[in-house]
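Enquirer: Here it is: the structure, laid out below.
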Ligand SMILES: Nc1ncnc2c1ncn2[C@@H]1O[C@H](COP(=O)(O)OP(=O)(O)OP(=O)(O)O)[C@@H](O)[C@H]1O
Ligand SMILES: [Mg+2]
């Protein structure tokens, strides 16, 4: 049975009730909900709730180009981060370029929806790789269709800030750790993030967490080395404001020559 067939009248009514429920409980604007929670996505959320991955969708953490992030709550006290890739308005072309070069996704059908789903799956798998090698990042919890559930990084009241929005107490330590993460990803997980910058690192309890792994690519990808160079450059450049001088070519060579 196709998922569209699942959308019979009874299901739709249930979804509408759910929607009203979410609006009244969370105060999320109807406009945001309409944009993010197309019916397909609501069904997916519903399934997570019935599988007890989380109980409610809490406040929105961020509204981005390709998706939205919400906090989810489980058992009244545990939190998760829910990343929802928008099916309708995602920058499809951008996503397509990354997915089509990845051998792990050779066999997927290439409709828009399939590609968005593959993207969520790709971020999940990349997070799994990081977990395995001990690079600090949100732990992957589950994914389904266009929705990814992962560890929430932050406090009870607010999500952790981005690197770009904090003043670091020990910038050298953080800098070295991020470079070490880039190196470990390349050498031990055969992965290049491809979009590391002060926008995609969270700082929580004075420690960096790498996020936004959707566009991460395998080292065998033809653009892997260019992306690696760019990642190193972004970080080296950013930390200049803390007077940290580092030779990015040296860092790059050390990583790719494995010495
Ligand atoms: N696990 C998490 N815990 C807490 N906050 C998170 C988590 N993951 C992401 N965020 C927050 O949500 C924002 C968007 O997440 P992410 O970078 O993964 O998505 P994006 O598609 O790049 O969105 P954007 O277009 O805004 O960059 C982050 O900048 C961060 O503030
Ligand atoms: Mg981002």
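Enquirer: What are the residues in segment 141-179 that are within 16 Å of ligand 1 (Cβ to nearest atom), more than 17 Å from residue 233 (Cβ to Cβ) and part of a helix (DSSP H, G or I), if any?
Expert: If the condition is that a residue be within 16 Å of ligand 1 (Cβ to nearest atom), more than 17 Å from residue 233 (Cβ to Cβ) and part of a helix (DSSP H, G or I), then 165 is the only one that fits.
Enquirer: Output the qualifying pairs, or none if there are none: Cβ atoms under 8 angstrom, residues six or more apart or on different chains, first residue in segment 112-128 and closer than 11 Å to residue 141 by Cα, second residue assigned to a helix (DSSP H, G or I) and more than 15 Å from ligand 2 (Cβ to nearest atom).
Expert: 125/104
Enquirer: Let me ask something additional. Any idea which of 83, 93 is modelled with pLDDT of 95 or more and either buried (at least 19 other Cβ atoms within 10 Å of the Cβ) or outside any strand (DSSP E or B) (or both)?
Expert: Only one candidate passes the filter, namely 83.
Enquirer: Going through segment 36-78 one residue at a time, which ones are more than 16 Å from the chain's Cα centre (by Cα) and in a strand (DSSP E or B)?
Expert: Correct list: 56, 57, 58, 59, 73, 74, 78.
Enquirer: Considering segment 214-229 alone, what residues qualify as being modelled with pLDDT of 95 or more and within 16 Å of ligand 1 (Cβ to nearest atom)?
Expert: Across segment 214-229, the qualifying residue is only 227.
Enquirer: List the residue pairs whose Cβ atoms are under 9 Å apart, where the first residue sits in segment 209-223 and is at negative phi and free of Cβ contacts under 8 Å to residues at least 40 places away in the same chain, the second is part of a loop (DSSP other than H, G, I, E, B) and away from ligand 1 (no atom under 11 Å from the Cβ), and the two are 6 or more positions apart or on different chains.
Expert: 219/190
Enquirer: Considering 182, 196, which residue is away from ligand 1 (no atom under 12 Å from the Cβ), touching a residue at least 24 places away in the same chain (Cβ under 8 Å) and buried (at least 21 other Cβ atoms within 10 Å of the Cβ)?
Expert: 182
The values are calculated or read from the model by the stated rules, or taken from the named source; none is laboratory data. Computed from a predicted structure; not experimentally measured. Cβ atoms come from the backbone with ideal geometry, glycine included; neighbour counts cover every protein chain shown.
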